[in-house]
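Encoded as C-alpha cells, the structure appears first; notes follow it.
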C-alpha cells in the first residue's frame, strides 16, 4: 500500500474530525432561539393578557380555568387569581411592586426556587415578554 495514500486518508479524517468538533462546540455556545415578541407588547395587564396569557397559557391548555393548572389565566380571571394571592411556594403569585418576590415572574424567567420554567410547552418567553411582566408587577400590578 502506498504510504502517501495512507497519509492523505489520515489527514482527511483528522480534518473532518476537527470540523465536526468545531460545529459541536459552537452548538452548545449558541443561545436558545426565541420568537420575537409581539410589536404591541406593553407593561399592562391587558397587553400581557392578549399577547402572553391567552395565546401561551390559556390556549395551550395549561391555565384555561376549566380544571387545568392551579389557576385560571383567562381574560377576566387572571387578575383575581394572580395579584396578592399566595402560592404553594410560600410567596405571592404576584406581589405588586416586587417582581423578584412574585412567583409568576420567577416562573417565566426559570428560577428553580419555584419549580420549572413556564410556559412548559413551547419556547420560553422572550426577554421583552419577561421584561413587560416584571415592569407590570413593579409598577403595582394594576388591573389595566
Would you mind telling me which numbered condition in (1) without any contact (Cβ under 8 Å) to a residue 40 or more places away in the chain; (2) within 18 Å of the chain's Cα centre (by Cα); (3) closer than 18 Å to residue 140 by Cα residue 48 fails?
(1)
Residue by residue through the range 97-109, note down the ones that are at negative phi and either in contact with a helix residue (DSSP H, G or I) (Cβ under 8 Å, 6 or more places away or on another chain) or loosely packed, with under 13 Cβ neighbours inside 10 Å (or both).
98, 99, 100, 102, 104, 105, 106, 108, 109
Please go through the range 67-96 and give me each residue that is in contact with a helix residue (DSSP H, G or I) (Cβ under 6 Å, 6 or more places away or on another chain) and surrounded by fewer than 16 Cβ atoms within 10 Å (Cβ to Cβ), ordered by number.
75, 89
Quick one: residue 56 ticks every box in (1) modelled with pLDDT of 95 or more; (2) surrounded by 16 or more Cβ atoms within 10 Å (Cβ to Cβ) bar one, so which box is it?
(1)
Find all pairs meeting these conditions: Cβ atoms under 6 angstrom apart; at least six residues apart or on different chains; first residue within the range 120-142 and on the phi > 0 side of the Ramachandran plot; second residue surrounded by 18 or more Cβ atoms within 10 Å (Cβ to Cβ) and at pLDDT 95 or above.
141/83; 141/94
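The values are calculated or read from the model by the stated rules, or taken from the named source; none is laboratory data. It should be emphasised that the depicted structure is a prediction, and the values quoted were computed from it without experimental measurement. Note: ideal-geometry Cβ built from the backbone for every residue, glycine included; neighbour counts use all protein chains shown.
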